[in-house]
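Report on the following structure.
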There are 2 protein chains.
Amino acid sequence: MRPYDERLDHLLAQAARVFAERGYHSTTMRDLAAASGMSLAGMYYYTRGKEELLYLIQERCFTRVLEGARGALADRDDAPERLQAFIRHHVTFFAHHMAEMKVLSHEANVLTGDLKRRVNAIKRRYVDLLEGLLKDAAPEERPVDRSAAAYALFGMMNWIYNWYDPAGEIDPQRLADLIARIFVGGFADARSTVQGG
Amino acid sequence: MRPYDERLDHLLAQAARVFAERGYHSTTMRDLAAASGMSLAGMYYYTRGKEELLYLIQERCFTRVLEGARGALADRDDAPERLQAFIRHHVTFFAHHMAEMKVLSHEANVLTGDLKRRVNAIKRRYVDLLEGLLKDAAPEERPVDRSAAAYALFGMMNWIYNWYDPAGEIDPQRLADLIARIFVGGFADARSTVQGG
DNA sequence: CATGGATTCGAACGAGCGTTCGAAAGTTGA
DNA sequence: TCAACTTTCGAACGCTCGTTCGAATCCATG
């Protein structure tokens, strides 16, 4: 790997950490310079500016989640099992990359213009992937309710950054199981009872 | 109601709307002046500054949710029914006060010092209320898992601001039902299956 | 050692921010 | 009509921000 790429990766990693801690808008380029060990002006050799820094963090992280999810589904056929695998992957990935995933979740809608469009394109593919799984698991469900259920699930999973401590009493695997079972069990229950209402 | 209080309420309502739209940090006092029809300096007759504006929005909104939840539970005894009532109240309140609730959810951790402490005191009481309901509904559950389940539920409910359109195909009542059934059904399921793992 | 591109950075710029101040205008009660 | 108080606001201040620029330094190659 070229030294240039290593330096950029280091900058992005530190930026993600500080963005996650302080929030994007409260973080100054001077904060990032201090955290990365570069000078203020030095960072501009690696990026066009603060917004591109956020874009690169989000784009790289989202791409990894999407590809990871596809990998987790690759060798499974059973619909409910695929749904569970998706949830387990998302939650454990989140727990192992808290900073980047927090920046992805909490700083959505900060990017503008083309950068926003590019990240949203990946997000669309990721949401479509989950909605496809829900369709396979519950083909008779109304599409609108399936969509709402998908967002409810993303809510459970992405809210993690507000409270979860990966080093605490609940390890990532157990959290993933808990969330997967709440949703899979509850989604089945919701189908059988809400349907007529 | 004194004209002063009416003007302050108006300012807070407009501020909540703009904070929800643009985010707290991207909103300038000049934006709020334009939205509220006051002059820039005029707003400082009603508030000590931008941070107090955010505090008042959060404190008032949180107090209303907490009291509303207590009211929704007042005439119920059955534990699962109380849990459902809490969820239904939270979701419908959220749907009917999207701006304030988005500011409450998304701009948590923006306040500092005493203002942060005061809002967190209300939040603590609200979280305790839900954890109490979960304890009554599932007394045999490990406290740690109950806590995680509570946050998973808050995630489902609070994530709403990222996607839900109260004027769209799903009315607030139906969304509340969907989320309540996903959680109540899934929580029961999670208890019976996760327990031994 | 000399060369030229890659990399670093001190210093400064211009813009926008939250806030302040003192005066002006409006309102009330006698 | 006057005085006291409440409410409004134009103008400006001081500060911090993201970004830029040109020079300095590093480093692989001949």
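Tabulated results
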quantity	calculated
Per-region count, region B:85-94, residues buried (at least 22 other Cβ atoms within 10 Å of the Cβ) and not aromatic (Phe, Trp, Tyr)	3
Test: residue in region A:4-13 that is away from DNA strand D (no atom under 11 Å from the Cβ) and outside any helix (DSSP H, G or I)	no
Residue ID - surrounded by the fewest Cβ atoms within 10 Å (Cβ to Cβ), chosen from residues in region B:157-175 that are more than 9 Å from chain A (Cβ to nearest Cβ) and in contact with a His (Cβ under 8 Å, 6 or more places away or on another chain)	B:Pro166
Answer from A:Ala79, A:Ala72, A:Ala20 - the residue that is of a type in the set (Gly, Ala, Ser), away from DNA strand D (no atom under 16 Å from the Cβ) and crowded, with 18+ Cβ neighbours inside 10 Å	A:Ala72
B:Leu54 vs. criteria assigned by TED's automatic domain parsing to the domain that holds B:Gly113 and farther than 15 Å from B:His97 by Cα	yes
Residues that are of a type in the set (Lys, Arg) and within 8 Å of DNA strand C (Cβ to nearest atom), drawn from region B:7-66	B:Arg30, B:Arg48, B:Lys50
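The values are calculated or read from the model by the stated rules, or taken from the named source; none is laboratory data. None of the values given here were measured: they were computed from a predicted structure. Every residue, glycine as well, gets a Cβ built from its backbone with ideal geometry; the counts of neighbours run over all protein chains shown.
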